[in-house]
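Below: the structure, in structure tokens.
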Amino acid sequence: MSNTVRTKTVRFIMVGGFLGAGKTTTLARLARQYMDRGLSVGIVTNDQAADLVDTKSLRSQGFDVGEVAGACFCCRFNDLISTIDKLGLAQAPDIILAEPVGSCTDLVATVIQPLKQLYQARFEIAPYAVILKPSQGRKILKNEAGTGFSPKAAYILQKQLEEADLILINRIDEMTPAELTELHTLLDNAYPDTPRLAVSAKSGLGFDACFEFLDQTGNFGRRVLDIDYDIYAEGEAELGWLNSSIQLAAATEFPLDDFLLNVVRNLKQRLVADDLEVAHLKVIGLSAAAFGVANLVTRDLPPELSLPSFTKTREVDLVVNARVACDPALLGEHVEATIREVCASHGVTPTFGDTQMFRPGRPQPTHRMEAAGAI
């Protein structure tokens with residue numbers, strides 16, 4: 001840990017949820033709101049691999065961001081602490097916003113309780129919010145066939161919701177009243193004692209109530225799970241993960257946003273043709289003057305430009321993060337073929353850099369507090 005003397009308590013707000021639930025957009029909205037209040041904010045992103053779209057996107061928006069890579073917060077707990085130490089350097093932030101890996105759960109026992117019991121004088125723990133992606137959540141809560149994920153992967157999402165202090169139903173601006181009512185009923189049946197709010201991270205709808213809830217003080221983060229780590233590990237290993245960096249160059253300017261959307265659209269077509277379920281797909285383009293992000297949160301929805309660049313350019317650093325229920329090598333083949341295809345249609349030359357392809361290993365938490373402390 002840093003030798004820097006820190007005297008103030010830092011409020012720790014972790015926002016969980018399955019891959020593609022909207023965690024990064026939510027954290028950006030929370031960060032802006034707290035900064036508008038005059039508070040200093042640090043954000044910590046997390047992934048099984050390095051070179052994250054989320055980290056680059058948040059930094060490009062002007063936020064102070066640290067990254068814990070290589071495993072979830074639970075397995076890199078000491079890295080989480082050292083990353084928080086580095087944010088703000090001598091002056092600790094007022095708020096730490098933490099975004100855990102979307103395929104991880106058991107975070108109350110392995111992250112929140114260790115913070116409370118080992119660093120009780122340093123951190124004030126906010127309610128632990130977990131975001132639900134409606135399209136995926138509805139199928140899993142109804143135990144429908146054809147969710148695209150095995151029961152073991154669905155187990156992770158169910159456990160994420162079970163340990164939450166607050167369930168956030170996201171993307172309500174895209175739902176009909178009947179769909180929202182159905183989802184409330186499903187959650188009433190499965191998690192009757194868990195508060196929930198309906199929000200849109202993109203538009204801000206419902207976020208006044210979200211801020212009010214997260215501003216509460218109290219003994220939060222107490223829902224320690226009874227969890228089967230064999231099922232958890234096998235469910236997480238079902239997903240193929242890919243992070244790839246590509247440099248793009250063209251003789252004439254091309255529209256960056258069109259390029260990003262075409263990558264996501266064409267890759268979706270390839271994956272759907274092979275009947276592969278997308279957990280999440282993000283593509284970011286960084287040029288000298290602008291950046292843009294396109295993503296796909298499920299194959300049931302169209303690709304979207306989550307952060308438009310409104311720019312044309314001749315040189316771009318492209319980063320692709322893909323989480324798909326398939327063999328990582330097959331995912332890599334689809335991504336490379338898609339990039340080459342879209343580049344050819346735009347008159348762009350790609351130079352492929354580092355690519356990481358793997359399945360997550362078995363979680364090995366640094367700490368696991370099986371009993372919630374009374375702090």
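The values are calculated or read from the model by the stated rules, or taken from the named source; none is laboratory data. Please read all numbers here as calculations on a predicted model, not as lab measurements. Neighbour counts are summed over all protein chains in view; Cβ atoms, including those assigned to glycine, are modelled from backbone coordinates with ideal geometry.
The residues of the range 265-276 that are over 24 Å from ARG171 (Cα atoms) and either β-branched (Val, Ile, Thr) or outside any helix (DSSP H, G or I) (or both), listed by number, are ASP274, ASP275. If we keep just the residues of the range 194-249 that are more than 27 Å from ASP106 (Cβ to Cβ) and of a type in the set (Gly, Ala, Ser), which is farthest from the chain's Cα centre (by Cα)? Among them, the one singled out is ALA249. Scanning the range 277-296 for residues being touching a residue at least 40 places away in the same chain (Cβ under 8 Å), within 16 Å of GLN61 (Cβ to Cβ) and in a loop (DSSP other than H, G, I, E, B) gives a total of 0. Among the strands (runs of 3 or more DSSP E) confined to the range 3-103, the ones with at least 1 residues that are in contact with a Cys (Cβ under 7 Å, 6 or more places away or on another chain) are located at 41-47.
Of all the residues in the range 86-117, those that are basic (Lys, Arg) and either surrounded by fewer than 23 Cβ atoms within 10 Å (Cβ to Cβ) or in contact with a helix residue (DSSP H, G or I) (Cβ under 6 Å, 6 or more places away or on another chain) (or both) number 1.
Regarding ASP165, is this residue more than 20 Å from ALA28 (Cα to Cα) and surrounded by 21 or more Cβ atoms within 10 Å (Cβ to Cβ)? When the stated conditions are applied, ASP165 passes them. Number of residues in the range 185-231 that are touching a residue at least 40 places away in the same chain (Cβ under 8 Å), farther than 25 Å from GLN33 by Cβ and either hydroxyl-bearing (Ser, Thr, Tyr) or outside the structural domain of PRO151 (by TED's automatic domain parsing) (or both) equals 1. Looking across the range 118-138 at every residue that is out of contact with any Phe, Trp or Tyr (no Cβ under 8 Å at 6 or more places or on another chain), closer than 20 Å to LYS8 by Cβ and not aromatic (Phe, Trp, Tyr), the one that is surrounded by the most Cβ atoms within 10 Å (Cβ to Cβ) is identified as ARG122. Within the range 176-184, is even one residue assigned to a loop (DSSP other than H, G, I, E, B), touching a helix residue (DSSP H, G or I) at 6+ places or on another chain (Cβ under 7 Å) and either outside the structural domain of ILE131 (by TED's automatic domain parsing) or on the phi < 0 side of the Ramachandran plot (or both)? Checked the range 176-184: no residue is assigned to a loop (DSSP other than H, G, I, E, B), touching a helix residue (DSSP H, G or I) at 6+ places or on another chain (Cβ under 7 Å) and either outside the structural domain of ILE131 (by TED's automatic domain parsing) or on the phi < 0 side of the Ramachandran plot (or both). Against the test of being assigned to a strand (DSSP E or B), of a type in the set (A, V, I, L, M) and either in contact with a Gly (Cβ under 7 Å, 6 or more places away or on another chain) or surrounded by fewer than 17 Cβ atoms within 10 Å (Cβ to Cβ) (or both), the options ILE156, ILE246 yield a single qualifying residue, ILE246. If the condition is being acidic (Asp, Glu) and either surrounded by 13 or more Cβ atoms within 10 Å (Cβ to Cβ) or closer than 20 Å to THR313 by Cβ (or both), then the range 336-375 contributes GLU336, GLU341. THR24 falls short on exactly one of the conditions (1) surrounded by fewer than 23 Cβ atoms within 10 Å (Cβ to Cβ); (2) under 24 Å from ALA209 (Cα atoms), and that condition is (1). For the range 248-268, the criterion of being touching a residue at least 40 places away in the same chain (Cβ under 8 Å), in contact with a strand residue (DSSP E or B) (Cβ under 8 Å, 6 or more places away or on another chain) and hydroxyl-bearing (Ser, Thr, Tyr) is satisfied by at least one residue. Taking the conditions (1) of a type in the set (Ser, Thr, Tyr); (2) modelled with pLDDT under 95; (3) touching a strand residue (DSSP E or B) at 6+ places or on another chain (Cβ under 6 Å) in turn, THR26 satisfies each one other than (2).
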